[in-house]
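Here's the structure we're looking at; comments come further down.
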Amino acid sequence: MIILGIDPGSSIAGYGVIRVEGNCVAFVDFGVVKAADSLDMPGKLLCMYNGLSQKIREHCPQRVSVEEAFYAKNVHTTLVLGQARGVALLAAKQFGAEVAEYSPREIKKTVVGNGNAAKNQVEYMVKMLLCVPSGNQCADAYDALAAALCDFRTCAARTRMNAMRR
């Protein structure tokens, strides 16, 4: 099974792809989709949609894990992030993937063991768990891989619970 994680943003969206075989998980791809600062909001959203759709077509994930919006003190920021999330959700559903959403705190708790973990702690754990090739990737790409890992672990736990009930 292929899981694509998305850390949505209006100017930069991170994506991370993992392959799951049984209880084993492996790194496949990660990176960011960037929109030019010169674009207006509809143009940025179109750029995000096109970039994420391209990655979905390329990797054909069965599941897509999208980070939920955090509630910023600035209402405008929250609304803009909501629009970016909508684009990510639309792209995933349009290609028939099963979609899951997780809060930033839930992702950090699942991957690091601490819901208040710093970005560098998330990056470190993702690198250790997936043996990610070194490079200068944006933190959003590691956050997207963390979202995919969260989905893997959450689904695995759900499967174990269902097996125990039988």
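Each reported figure results from applying straightforward, stated rules to the coordinates on display, with no laboratory input. Bear in mind the structure is a predicted one, so any value in this text is a computation, not a measurement. Using ideal geometry, Cβ is built from the backbone for each residue, glycine included, and neighbour counts are taken over all protein chains shown.
Each of Cys138, Cys131 has some number of other Cβ atoms within 10 Å of its Cβ, and from fewest to most they run Cys131, Cys138.
The overall shape of the range 54-116 is oblate: from the C-alpha gyration tensor, with semi-axes ordered a ≥ b ≥ c, the ratio a/c is 1.5 or greater and a/b is no larger than b/c. Counting Lys and Arg as +1 and Asp and Glu as -1 over every other residue whose Cβ lies under 15 Å from the Cβ of Gly135, the net charge comes to -2. Full extension of the chain segment joining Arg153 with Cys60 gains 31.5 nm, where the gain is 0.36 nm per residue of separation less the Cα-Cα distance.
DSSP assigns beta bridges within the range 1-122; of those with both partners inside it, close to 65 percent run antiparallel. The calculated FRET efficiency for Leu79 paired with Asp37, based on their beta-carbon distance and R0 = 22 Å, is about 0.70. Listed by chain and number, the aspartates and glutamates whose alpha-carbon sits under 16 Å from that of Lys44, ignoring those within fewer than 8 places in the same chain, are Asp7. As a length-normalised measure over Cα pairs under 8 Å and 6 or more apart, the relative contact order of the range 2-165 settles at 32 percent. For chymotrypsin sites (Phe, Trp or Tyr not before Pro), the sites in the range 10-71 that DSSP calls loop and that have at most 13 other Cβ atoms within 10 Å are Phe70, Tyr71. The ranking of Asp140, Asp151, Asp40 from fewest to most other beta carbons within 10 Å of each one's beta carbon is Asp40, Asp140, Asp151.
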